[in-house]
Each structure stands twice: as structure tokens, then as C-alpha cells.
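**Q** Can you read through this structure? Questions will come right after.
Taken together, the values in this text are just the output of simple stated rules run on the coordinates, not laboratory data. The structure displayed is predicted, hence computed values, not measured ones. Here the Cβ is made from the backbone with ideal geometry for all residues, glycine too, and neighbour counts use every protein chain on show.
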Amino acid sequence: MEATVVSGWFNPPVKPRTLWQSVIAWSFVARKYSPPHTPIEVVARASHTEVIISVHNVGSTIRIEDRDRIFDRFYRALDLKDSVPGTGIGLSVVKKAAEAHSGHVWVVSDEDEGTTFFLSLPNFGRTKH
């Protein structure tokens, strides 16, 4: 797995543990749906207004009709439901954590580019100590 912090100062309204639990959850999902030994890329970017964390893999793509539902608790895509173990909870937990901190999640999935999950949270910038 490769992790990159691209730019900016992070001060999202979330405990660091919650943020890292979300990244770890998405990383496990990305690994489950990727061919062995393929890279998983985690990138964090910050602007003055938001922090965006993305997790990218080159594994299975997510069908258009599943993209809105994969963040629902217990939902599993029909085409992979029986071939990949899981409960359908991981993505819903990340979504709930994001929403609890005024953020949101989304996914972009393309056969040629792979799949990228995004987590966006408000960024309150540097704090003075």
C-alpha cells in the first residue's frame, strides 16, 4: 500500500482514530476486491475548506447500478456477493462516520482506471497553540 499526503494542513472535525479507522476499512475493502500483489493507493489532500482522502485500487469495477447502494448497510453487489466474503457493513460505517462529522463519501469506478473511494470532511485549517 502506498500513502501520500499531497498538500495542505489537516484539521478536520474528527478524531484521528476515527479518520484512520475509515482509511483502514476502505483499504481492506480495496484489498479484498483487488488481484493479489496489485497496489492500493491512499492519498490525502487538503484545501482551506476540505480534506479529501481517497483509496484507489485496480480490482473489480463497481457497476453503475450498485454505486449508490454500496454505502447502504448490509448491501453487497450481486455480481460479487458469492465470490468475495463480507457482510456489507464496512462502507456503511465509513459513510456514517463521515456524515457524523459533516462530511460525505462517494465512489468513482471505471474499467480502465480502477475504483477510487473518496471521503471528504470540512477542514478548519491550522489551529494556534
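**Q** Neighbouring Cβ atoms within 10 Å as the yardstick, rank Trp106, Trp26 fewest first.
**A** Placing the least packed residue first, the sequence is Trp106, Trp26.
**Q** Write out the GluC sites (Glu not before Pro) in region 58-117 meeting two conditions: DSSP loop, and at most 13 other Cβ atoms within 10 Å of their Cβ.
**A** Glu111, Glu113
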